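Student: Encoded as structure tokens, here's the structure I'll be asking about.
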Amino acid sequence: MFLLDSLLIGGLRFVLDKVAAVADQELNNEDVLRERLLEAQMRFDLGEITESELAGIEKDVLERVREIKARRQKETGSTDGEQKITGIEISVGDDE
């Protein structure tokens with residue numbers, strides 16, 4: 001019975017970890033945020049939302065993009081968008 005319980009709990013944990021990973025990826029995806037911004041612009045052009053509503057959406061989206069970029073820079077250890085080269089691999093084919 002203990003084995004069955006641990007398998008069930010392990011399976012549930014696996015599924016929940018996958019769901020959390022997908023949700024995190026969706027929240028931290030700049031493309032999704034850009035699509036949201038484009039959708040808001042289209043809704044504004046069609047007269048479905050006001051200019052102030054559009055400005056609010058733009059503010060939220062741009063703030064979220066800044067947070068994502070800041071987190072990525074913090075994780076990679078780079079500042080001001082700098083990229084850090086940790087190694088180079090070169091191979092030369094000898095045609096002789």
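The values are calculated or read from the model by the stated rules, or taken from the named source; none is laboratory data. This structure is a prediction, so every number in the text was calculated from the model and none was measured. As a convention, Cβ positions derive from the backbone with ideal geometry for all residues, glycine included, and neighbour counts pool all protein chains shown. Please note that ligands, DNA and RNA were not included when accessible areas were found on the heavy atoms of the full protein model with its side chains. Shrake-Rupley method; radii C 1.70, N 1.55, O 1.52, S 1.80 Å.
Student: Being at pLDDT below 80 and either assigned to a helix (DSSP H, G or I) or open to solvent by 100 Å² or more (accessible area, probe 1.4 Å) (or both) narrows it down to one residue among GLN73, GLN25, GLN41; which is it?
Tutor: Residue meeting the stated conditions: GLN25.
Student: Criterion first (over 21 Å from GLU67 (Cβ atoms), among the charged types (D, E, K, R) and surrounded by 11 or more Cβ atoms within 10 Å (Cβ to Cβ)) does ARG36 satisfy it? Quick ask: steps written out before the conclusion?
Tutor: Working: over 21 Å from GLU67 (Cβ atoms): no; among the charged types (D, E, K, R): yes; surrounded by 11 or more Cβ atoms within 10 Å (Cβ to Cβ): yes.
Spelling it out, it is not the case that ARG36 is over 21 Å from GLU67 (Cβ atoms), among the charged types (D, E, K, R) and surrounded by 11 or more Cβ atoms within 10 Å (Cβ to Cβ).
Student: Just to be sure, is THR50 modelled with pLDDT under 85 and either charged (D, E, K, R) or open to solvent by less than 100 Å² (accessible area, probe 1.4 Å) (or both)?
Tutor: Working: modelled with pLDDT under 85: no; either charged (D, E, K, R) or open to solvent by less than 100 Å² (accessible area, probe 1.4 Å) (or both): yes.
So THR50 fails the test.
Student: Okay, next question. With respect to ARG64, is the statement that it is at pLDDT below 85 and assigned to a helix (DSSP H, G or I) true?
Tutor: On the way: at pLDDT below 85: no; assigned to a helix (DSSP H, G or I): yes.
No: the conditions fail for ARG64.
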